[in-house]
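Here's the structure we're looking at; comments come further down.
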Amino acid sequence: MKANLMYADRDVDLVSELPTNTAALTKDLGLDILCAAMAQGDKVIFDMSKRAVLLGLTDLSSIAYRQQVLADSLERPSVVRQIYDLATEAVEAERKIWGLYSGAPQSILSRALNAVELLLGYLRRLRQVSEEHATEFSSGGFSRFFQMVCDELAEDYMRDIEDHLSQLRFRGGTLISANLGEGNTATGLVLRRPRPRRLRDRLSGLNRSGYSFEISTRDDAGLRILGDLQARGINMVANALAQSAEHIRSFFTMVRSELAFYVGCVNLRDRLSDKGQVICFPQPRAVDELAVAAEGLYDVCLPLRSDDPVVGNDLAGDGKSLVMITGANQGGKSTFLRSLGLAQMMMETGMFVAAVNFKANVSTGIFTHFKREEDPTMTSGKFDEELRRMSEIAAKVAPGCLLLCNESFASTNEREGSEIGREVVKAMTELGVKVIFVTHMFELADAFYSDQLRTSLFLRAERLGDGRRTFKLREGEPLSTSFGQDSYRRVFGQQSVLVETPGNRPPHPDGWP
C-alpha cells in the first residue's frame, strides 16, 4: 500500500540529501522560523516541512496535486490530524514491542507476530476513519488514499490474516516434514499446516499417521537438536512475517511523514489567521515563462515573531529577468527580498503563500547571497568571503534558477563593488538566471537603469518628506541621495534641520552625503 499524498505516483523521498546551499537558504530566508511555526513542537513535522520546502517541485501538475490535497486539509483539519495522530501512535507502539534480537527464527517470528497483531488494530481504525470521511474530501490524493484503504483492508481479508497469525502461534506444536540425507541428516525441511484432529483422537492420542517418540526434559542435546530442526523449519515463514510487519510499519511511517507536511500547513494557516494575515494559493508558471507578480506580498516570518503591523507590497515583474531594489536604509528592501524568496519556495512546495495574490514561474534552483555580519572566525576579509560564496553559487547555478542578492559586495568601496556586481548580474541574466538585487550602491543601480532594458525592473523603498518610511516599494529610478538628514536627526534630535544636498557622489556607507 502507498500513501501517495505528496506525489500522485510515488512516496515522498525521505533519504535523499538536501541542497548544498541549505544552510544559506535557512539563514537568509528564516526557514527555521517558518518550520517552527508549522511544527509547534513536533519534530517530525519540523523535519518534514523543512525537507519539503527545500526540495521544491518544478512540475506544475505535481504542484497542483499538492495544492488540492492541501485545500482538503485546510477544509477538514480535524480528520487530517486524526489520521496523523493514528499513524504516529502506530509507529511508536510498534517500536516499543519488546523482542530478543538474537537473530534466531523463533525470536524473529515471535516479535513479528506481536507487531502484526498490534498493527492490525491500527489498520482497522484507519479503515473506519476512511469509511466515515471519504465523501468529505475531493482531491485526487485523498480520494485515492481512502479508496485504497477501504479496498485493501476489507474485513474478510483482516480475518484471514488473524487466522494465519493464530496458526503461527503453534499452540498445538510445529508440524515439519523432512527428508533423510547423507548420514541421516534432515534435508528439505518444510513447515506444514497441521490437520484438524477429531476430539476423540486428541483425547485418546490415537489416529497418528506415523511413528513417534518423546525426548526427556533432561536430554539437553536432544532438545537442542529438536530446537535446531524447528528453527530451520520456521525460518522462511519467520522472515516472511517479519517483512510483512516491516511493510505495515513502513506504510504508517509514510502516512505520518506525508501528513506531517499538511498538518504543518494547517498549523501555519491557523497562526497567520490568529494574526489577521491573509494567504492565497499561488499560480505557478512554467520555468521558461519568466513571470512574477504579487499583490499584498509580505514576509511570512514577520507576524510569526512580532505583533507589529505587517506591510504588504505589490509587484509587477512579468518578463523581467532583473529586479533592482534601491532606496533609503530600513525602508523594507531586505524584508521584501525575503518575502519574495519565501513565497517562491512555498509555491514550489505546493503550499499557500503570504499574499493576496501571487504568481511566478517555477525555478530550477534558488540561491541567496546576503551580506554577513563580521565573523571573528573568518580566515580572510569580508570581501574575500563574499567572492568565495558567489564563486560557489556560480559553480552550481543553471538556466531557470533564481538568485536573491542582498547588499552583495558592499564590503568593498563603491566603485569596485559596483563593477563586480555589474559583471555578476550580467553573467547571470545572460545565462538565463532571474536576479533580484537589493543594493545601496548608486553606481551599480544607475548603470543598469541607464541601459533601459525592457527585461529590468527598478523598485525604490518609499520615504516620505519628513523621513518616515512606509515600507512600501514603488517603481522608480535609483536616487543618488543618501538622505543624510535622517542620520542628522538621529544624532541631533527630531527638531534639528539640515538641508539635503543630493550631489553627484554616491552615498557614503555611514549614511552621510
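The values are calculated or read from the model by the stated rules, or taken from the named source; none is laboratory data. Note that the coordinates shown come from a computational prediction; the quantities given were computed from them, not determined experimentally. Virtual Cβ from ideal backbone geometry, glycine too; neighbours counted across all protein chains shown.
Which one of these is among the small types (Gly, Ala, Ser) and either buried (at least 19 other Cβ atoms within 10 Å of the Cβ) or at pLDDT 90 or above (or both): SER143, SER102, SER107?
On inspection, the qualifying residue turns out to be SER143.
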Restricted to the range 39-55 and to residues being over 8 Å from the mean Cα position of the chain (by Cα) and part of a loop (DSSP other than H, G, I, E, B), the residue surrounded by the fewest Cβ atoms within 10 Å (Cβ to Cβ) is GLY41
Let me confirm something: among ALA3, ALA90, which residue is buried (at least 20 other Cβ atoms within 10 Å of the Cβ), outside any helix (DSSP H, G or I), in contact with a Phe, Trp or Tyr (Cβ under 8 Å, 6 or more places away or on another chain) and not hydroxyl-bearing (Ser, Thr, Tyr)? ALA3
Among the residues listed as ARG271, ARG249, the single one being in a helix (DSSP H, G or I), basic (Lys, Arg) and crowded, with 17+ Cβ neighbours inside 10 Å: ARG249
Show the residue pairs meeting these rules: Cβ distance below 8 Å; 6+ apart or different chains; first residue within the range 145-158 and within 19 Å of THR135 (Cβ to Cβ); second residue part of a helix (DSSP H, G or I) and among the polar types (S, T, N, Q). PHE145/SER130; PHE146/SER130; VAL149/SER130; CYS150/SER130
On the basis of being assigned to a helix (DSSP H, G or I), modelled with pLDDT under 90 and among the β-branched types (Val, Ile, Thr), does ILE161 make the cut? yes
Among all residue pairs at least 6 apart or on different chains, which show Cβ distances below 7 Å where the first residue, located in the range 278-303, is surrounded by fewer than 20 Cβ atoms within 10 Å (Cβ to Cβ) and the second is among the hydrophobic types (A, V, I, L, M, F, W, C) and assigned to a strand (DSSP E or B)? CYS280/VAL353; CYS280/PHE358; ARG285/ALA360; ALA291/ALA360; ALA293/LEU315; ALA293/ALA316
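Tell me the residue from ALA360, ALA398, ALA410, ALA394 that is small (Gly, Ala, Ser), touching a helix residue (DSSP H, G or I) at 6+ places or on another chain (Cβ under 8 Å), assigned to a loop (DSSP other than H, G, I, E, B) and at pLDDT 95 or above, please.
On the way: ALA360 fails: assigned to a loop (DSSP other than H, G, I, E, B); ALA410 fails: at pLDDT 95 or above; ALA394 fails: assigned to a loop (DSSP other than H, G, I, E, B).
Going through ALA360, ALA398, ALA410, ALA394 in turn, the sole match is ALA398.
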Enumeration of residues in the range 120-140 that are of a type in the set (D, E, K, R) and surrounded by fewer than 17 Cβ atoms within 10 Å (Cβ to Cβ): ARG124, ARG125, GLU131, GLU132, GLU136
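Just to be sure before I move on: is GLY332 crowded, with 21+ Cβ neighbours inside 10 Å, more than 23 Å from ARG422 (Cβ to Cβ) and over 25 Å from the mean Cα position of the chain (by Cα) in the structure I sent? Let's see the steps before the verdict.
Working: crowded, with 21+ Cβ neighbours inside 10 Å: yes; more than 23 Å from ARG422 (Cβ to Cβ): yes; over 25 Å from the mean Cα position of the chain (by Cα): yes.
So GLY332 passes the test.
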